[in-house]
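Below is one structure, written out as structure tokens; comments come after it.
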Amino acid sequence: MLAIGDTAVVTITFSEAVTGTGPSTVTATGGVLSALTTSDNITYTAVFTPSTATQSAGNVVTLNFAGIQNGAGEATSGAIVSDPYTVDTVRPTLASSIQISDTELLLGESATVTFVFTESVTGFDVGDVTVPNASLLGLNSHDGRVWTATLTPDADVTDASNILTLDYSSITDAAGNAGMGSFSSGNYGVFTARPRLAGPITISDTALRAGETATVTFTFAEPVTGFDTADAIAPNGVLSMPTSPDGGTTWTATFTPNPGTQVAANTFTLIYAGVMTVTGNAGAGTATSGNYAVDTLPPTGTISLSDSALVSGETATVVFTFSEAVTGFDTSDIAAGSATLSSLASADGGATWTATLTPDANTTSPSNVIALNLAGITDLAGNAGTGTATSTAYAVDTVATPAATPPAPPAEPAVAPLAGVADSPLPLTGGNPTGMLLAGALLTAAGLALTVVRRRVEA
């Protein structure tokens, strides 16, 4: 068998020296013979070079005796042929295109790839095939001509344009001819990527107060389907149905915080399992956003007084204790009843405020309350208070009490003058040397006791 690069020496040996050989004396099929050469006119040789790209069996070299003479000038006729030989100068190639049973490979799928050669080949293995975004496994053949293998796509790939490339250079046929060049398959797509975000979940407002909302944006690496509110956990609020303006790559939803809530640490969680790529791959795992705070709780407050019964000259300390630090609080937010508030201030950043309560003058009011209008007050998140807070009752009595008028003395009884007594002081007897009885005083003697009905005391 003559293969690519082979030649053969054709030797013709006559029974005696001959002459008359020429180009037509010897012919060969499947190739070309060089001119005959001889050194003794008995043995002639020529070089046979097989034709290129030829694959034929039963080729022969033919010796035509016409025109050949021996030394005596005798001619002969007829022809003889050599034993047959095979010429194979065809390189191994595929007889048809590379066949791929599935040209859109999804997650969990594989395809059978078939290589059909023009002849039986050896030396063919998976290293002779370039396989983008996939692996070729289990290459085998039952006859050396038809080969099959399993094409398994790589994970987490989205690539619509891929081709297999066969390198012939390591493959040989039965004649030993090596392949040359390469051959490419038709296209196949690999779509094994699960849905995933191309970037972080973005939140337009990360400090939400009452009356506010935020736009939440989910940007995927490729278009997805099936994304709805069930696929996103939104603590302390409600997420509207997501919508996409670009065919499924970018999705937005509106987050509305719950009322009456104050939670500083919250994150959105995307559950991939409910989301699918357009090729049908379901997501797996979760993704979380950065933090957002919800403060929709309005400030509330209580009021206490150091003195609940105020009289002239007194004041009371009023303490306003809020549920959190507040701003915008001043005396215009307070109705104090029969008193005036002053020196309103906070020493702890706005959570506790004190003021001095001075009762109104000349006022008697047994039942008063301090009323706080919470609508004029906001917390540090900007939430305005609602309603009114009131203190317990306090009394005011600043009206002066009038001085008491002493009672009039009793009327003195008329006393008749004593007969024969001069109207002049007499010494007081009975142990009271400082007193002097007026003449005409009524004396009643009862033993040693004296009862003075009327007296005048001399200094």
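The values are calculated or read from the model by the stated rules, or taken from the named source; none is laboratory data. Since we're looking at a predicted model, the values are computed, not measured. Quick reminder, even Gly has a Cβ in these numbers, built from the backbone with ideal geometry, and neighbours come from all protein chains shown.
Output yes when any residue across the range 395-402 is of a type in the set (A, V, I, L, M, F, W, C), over 30 Å from Ala207 (Cα atoms), surrounded by fewer than 14 Cβ atoms within 10 Å (Cβ to Cβ) and at pLDDT below 95, and no when none is.
Looking through the range 395-402, at least one residue is of a type in the set (A, V, I, L, M, F, W, C), over 30 Å from Ala207 (Cα atoms), surrounded by fewer than 14 Cβ atoms within 10 Å (Cβ to Cβ) and at pLDDT below 95.
Table: residues versus (1) out of contact with any Ser or Thr (no Cβ under 8 Å at 6 or more places or on another chain); (2) among the acidic types (Asp, Glu); (3) under 30 Å from Gly274 (Cβ atoms).
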{"position": "Tyr168", "(1), (2), (3)": "no, no, no"}
{"position": "Asn177", "(1), (2), (3)": "no, no, no"}
{"position": "Ser182", "(1), (2), (3)": "no, no, no"}
{"position": "Glu222", "(1), (2), (3)": "no, yes, yes"}
{"position": "Trp251", "(1), (2), (3)": "no, no, yes"}
{"position": "Thr256", "(1), (2), (3)": "no, no, yes"}
{"position": "Pro259", "(1), (2), (3)": "no, no, yes"}
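State all residues of the range 176-196 that are in contact with a helix residue (DSSP H, G or I) (Cβ under 9 Å, 6 or more places away or on another chain), part of a strand (DSSP E or B) and closer than 30 Å to Gly108 by Cβ; if no residue qualifies, say none.
Phe183
Can you tell me which residues in the range 381-401 are within 54 Å of the chain's Cα centre (by Cα) and assigned to a strand (DSSP E or B)?
Ala384, Thr388, Ala389, Thr390
Restricting the range 245-287 to residues that are among the polar types (S, T, N, Q) and more than 17 Å from the chain's Cα centre (by Cα), which is modelled with the lowest pLDDT?
Checking each candidate, the answer is Thr279.
For Val216, state whether it is out of contact with any helix residue (DSSP H, G or I) (no Cβ under 8 Å at 6 or more places or on another chain) and closer than 30 Å to Pro299 by Cα.
Yes: the conditions hold for Val216.
Based on this model, can you work out whether Leu137 counts as more than 30 Å from Asn266 (Cα to Cα), modelled with pLDDT of 95 or more, of a type in the set (A, V, I, L, M) and not assigned by TED's automatic domain parsing to the domain that holds Asn291?
The answer is yes for Leu137.
Looking only at the range 221-245, which residues are without any contact (Cβ under 8 Å) to a residue 40 or more places away in the chain and within 23 Å of Thr192 (Cβ to Cβ)?
Scanning the range 221-245 gives a single hit, Ser244.
Considering only the range 207-220, how many residues are within 24 Å of Thr277 (Cβ to Cβ) and among the aliphatic types (A, V, I, L, M)?
Residues in the range 207-220 being within 24 Å of Thr277 (Cβ to Cβ) and among the aliphatic types (A, V, I, L, M): 1 in total.
Would you call Leu208 farther than 30 Å from Asp156 by Cα and surrounded by 14 or more Cβ atoms within 10 Å (Cβ to Cβ)?
yes
Could you check the range 69-106 and list, in sequence order, the residues that are modelled with pLDDT of 95 or more, aliphatic (A, V, I, L, M) and either on the phi > 0 side of the Ramachandran plot or not in a strand (DSSP E or B) (or both)?
Val90, Ala95, Ile98
Based on what the data block shows, is Thr213 over 30 Å from Leu380 (Cβ atoms) and not assigned by TED's automatic domain parsing to the domain that holds Pro132?
no
What are the pairs, 6+ residues apart or on separate chains, where a residue within the range 368-397 that is closer than 21 Å to Asp295 by Cα has its Cβ under 6 Å from a residue that is of a type in the set (S, T, N, Q) and surrounded by 17 or more Cβ atoms within 10 Å (Cβ to Cβ)?
Pairs that qualify, where the first residue is closer than 21 Å to Asp295 by Cα and the partner is of a type in the set (S, T, N, Q) and surrounded by 17 or more Cβ atoms within 10 Å (Cβ to Cβ), are Ala384/Thr378.
Residue check: is Thr19 touching a Ser or Thr at 6+ places or on another chain (Cβ under 7 Å) and either of a type in the set (Ser, Thr, Tyr) or surrounded by 17 or more Cβ atoms within 10 Å (Cβ to Cβ) (or both)?
It is false that Thr19 is touching a Ser or Thr at 6+ places or on another chain (Cβ under 7 Å) and either of a type in the set (Ser, Thr, Tyr) or surrounded by 17 or more Cβ atoms within 10 Å (Cβ to Cβ) (or both).
Residue by residue, here is whether (1) over 21 Å from Ala75 (Cα atoms); (2) assigned to a loop (DSSP other than H, G, I, E, B); (3) free of Cβ contacts under 8 Å to residues at least 60 places away in the same chain; (4) assigned by TED's automatic domain parsing to the domain that holds Asp173 holds:
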site	(1), (2), (3), (4)
Ser15	no, yes, yes, no
Gly22	no, yes, yes, no
Ala35	yes, yes, yes, no
Asn41	no, yes, yes, no
Tyr44	no, no, yes, no
Ala57	yes, no, yes, no
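Which condition number does Thr321 fail, the rest of (1) free of Cβ contacts under 8 Å to residues at least 24 places away in the same chain; (2) polar (S, T, N, Q); (3) under 30 Å from Val396 (Cα atoms) being met?
(1)
Quick check: anything in the range 359-380 modelled with pLDDT of 95 or more, at positive phi, assigned to a loop (DSSP other than H, G, I, E, B) and under 60 Å from the mean Cα position of the chain (by Cα)?
No, that holds for no residue.
Could you list, in sequence order, the residues of the range 200-233 that are within 12 Å of Leu270 (Cα to Cα) and outside any strand (DSSP E or B)?
Scanning the range 200-233 gives Pro200, Ile201, Phe227, Asp228, Thr229, Ala230, Asp231.
Could you check the range 115-129 and list, in sequence order, the residues that are within 51 Å of the chain's Cα centre (by Cα), buried (at least 16 other Cβ atoms within 10 Å of the Cβ) and part of a strand (DSSP E or B)?
Hits for the range 115-129 are Phe115, Val129.
If Thr62 meets every condition in (1) of a type in the set (S, T, N, Q); (2) in a loop (DSSP other than H, G, I, E, B); (3) surrounded by 13 or more Cβ atoms within 10 Å (Cβ to Cβ) apart from one, which number is that one?
(2)
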